[in-house]
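S.K.: Just passing along the structure, written as structure tokens.
The values are calculated or read from the model by the stated rules, or taken from the named source; none is laboratory data. Since the structure is predicted, the reported quantities are computational estimates derived from the model, not experimental observations. Reconstructed Cβ throughout: ideal geometry from the backbone, glycine too, with neighbour counts over all protein chains shown. Keep in mind that these areas ignore ligands, DNA and RNA; they rest on the heavy atoms of the full protein, side chains included. Shrake-Rupley method; radii C 1.70, N 1.55, O 1.52, S 1.80 Å.
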Amino acid sequence: MKKFSTVYKFHLKENLTSRVFKISTAIIFVAILAFLGYSNWANSSDSGNKDKISLINETSNEINIQALNKTLEETKLNKAGQSQGKSLRKKVEQGDLDGVLIVKDQKGVPGLTYIYKNFPNNEVVPVVSQALQQAYISNTITKNKINAETASSLLATVQVKDEVLKDTSNTFGIVYLFVFFMYIFIMGFGQMIATAIAAEKSSRVMEIMIPKVKPIMMMYAKIAAILTGAIVQIAFIGGAGGIAYLAGWLNADQLSIFGAAIDLSNLTPGVITAFISYFVLGYLLYAMLYAAVGSMVSRTEDLGSSQFPIIILIMGAFFIGMRSLFDPSTTLVVVSSYIPFFSPIVTFSRIVAGEAGAMEISITIGILLVSLWIINRIAGRIYVHGVMHYGGKVKLKDMIQVAKNS
């Protein structure tokens with residue numbers, strides 16, 4: 001244990017004091033603060049600016065623009081004449097106007113045309129179309145002398161009531177955030193393990209250390225040291241978020257990632273415990289695979305092709321995890337949650353969506369633990385023999401042969 005501690009402290013100090021670690025941590029910290037600060041400034045600047053949209057009404061149905069502007073929060077409507085259609089369209093193309101609404105009669109019924117350049121204003125069309133519909137109905141009733149009560153009963157809308165048995169839409173943001181985090185973390189730091197081991201081999205450091213420390217102990221110490229360094233970087237990320245929150249740049253009620261709202265109410269103690277459990281198990285699983293690959297490579301240039309099968313597995317877990325966002329109960333997602341290479345990401349997403357019960361969680365963790373034990377033995381054998389292997393490019397069949405013969 002003393003030797004493990006010594007090697008762990010050595011690798012941890014080497015990792016934390018390296019120029020790459022310091023620069024990358026500083027860049028991440030500053031980038032997060034800059035992004036949150038800019039987002040807060042941009043939202044504040046845009047909050048007072050309304051989209052300018054012109055309305056051309058070529059029908060006899062009157063639309064009260066002043067009344068509509070009182071209800072519109074992000075839009076300012078301006079009345080325009082029929083002869084201004086071409087000039088206003090040109091202004092939209094040049095970016096001087098946000099849009100044009102044109103109301104025309106289409107076979108006796110008013111129709112609405114919305115002209116915009118790139119992105120539509122989702123607020124204005126429903127409001128204007130509703131006002132136009134009401135004006136048309138009022139004119140039709142007056143013109144045909146229809147009894148007001150009869151018209152009112154005919155225009156009564158059908159009441160639709162939604163009753164969702166299990167609404168998972170509010171979990172999109174949390175699942176996306178944590179699935180993406182697991183994917184980036186495991187792949188990034190797993191590759192760091194493989195690169196570090198390959199670099200030590202190429203510099204012949206291994207030949208000095210092996211007589212003093214068991215190779216398997218070196219593998220565990222390096223995996224633990226890089227995990228600790230990663231946790232330090234996560235702490236800096238959390239610190240940047242905390243500073244932004246204290247500065248008022250971060251609104252906990254309006255968090256989102258790629259348009260998906262992050263509902264922090266979903267972060268229950270059970271969800272946090274599940275994330276930590278699956279994250280640690282998933283990291284250890286892939287870290288051992290990366291360590292085994294790194295030990296069999298004599299040059300860092302050969303790492304790319306050697307670790308390709310591992311990257312495919314991680315990418316598969318990520319894409320299936322994304323699939324679970326929309327339907328966590330499909331056959332592919334359910335089956336994948338029991339496959340150890342996929343379960344850290346996929347099962348966690350099902351837990352947040354409320355689809356994974358206690359039995360499924362227990363089984364998947366059990367499978368992960370058994371898989372860890374098996375991979376530990378295989379990766380350990382490959383690592384012990386691989387660190388002293390110096391030769392050409394290693395293929396997958398060579399690694400399998402080493403594991404069998406050990």
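S.K.: I need the calculated FRET efficiency for the pair PHE236 and PHE119, taking r as the beta carbon distance and R₀ as 56 Å, to the nearest 0.05. Provide the component values of the computation, followed by the final result.
M.R.: On the way: r = 35 Å, r/R0 = 0.63.
So, using R0 = 56 Å, E works out to roughly 0.95.
S.K.: Taking 0.36 nm per residue of sequence separation and subtracting the Cα-Cα distance, how much length would be gained by fully extending the chain between GLU73 and GLN130, in nm to one decimal? Spell out each step's value before the answer.
M.R.: Details: separation 57, 0.36 × 57 = 20.52 nm, distance 1.63 nm.
This chain segment gains 18.9 nm when fully extended.
S.K.: Also, I was wondering about something else. For VAL334, VAL293, give the ranking by accessible area with the largest first, probe 1.4 Å. Show your work: numbers first, answer last.
M.R.: Numbers: VAL334 45, VAL293 10 Å².
The residues order as VAL334, VAL293, largest area first.
S.K.: Go ahead and run the numbers for FRET between ASP96 and GLU14, Cβ-Cβ distance against an R0 of 41 Å, rounding to 0.05. Intermediate results must be reported in sequence, preceding the final value.
M.R.: On the way: r = 58 Å, r/R0 = 1.42.
Using R0 = 41 Å, I get an efficiency of 0.10.
S.K.: Starting from the Cα of PHE319, move 7 Å in the Cα-to-Cβ direction to define the label point; list residues of the stretch 171-195 whose amide nitrogen is under 19 Å from there.
M.R.: 176, 179-188
S.K.: I've got another one for you. Which of rounded, prolate, oblate describes the stretch 326-385, given a ≥ b ≥ c as roots of the alpha-carbon gyration tensor eigenvalues and a/c under 1.5 marking rounded, otherwise prolate only if a/b is larger than b/c? All intermediate terms of the calculation are to be shown ahead of the outcome.
M.R.: Values: a/c = 3.56, a/b = 2.46, b/c = 1.45.
Prolate, since a/c reaches 1.5 and a/b exceeds b/c.
S.K.: Just subtract the alpha-carbon distance of ALA358 and SER83 from 0.36 nm times their residue separation and send over the number in nm, one decimal. Working shown, then result.
M.R.: Working: separation 275, 0.36 × 275 = 99.00 nm, distance 6.83 nm.
Full extension of this stretch gives 92.2 nm more.
S.K.: Could you put TRP41, TRP249 in order of accessible surface area, largest first, with the 1.4 Å probe and the full protein assembly present? Could the numbers behind the result be given before it?
M.R.: Working: TRP41 155, TRP249 100 Å².
Descending order: TRP41, TRP249.
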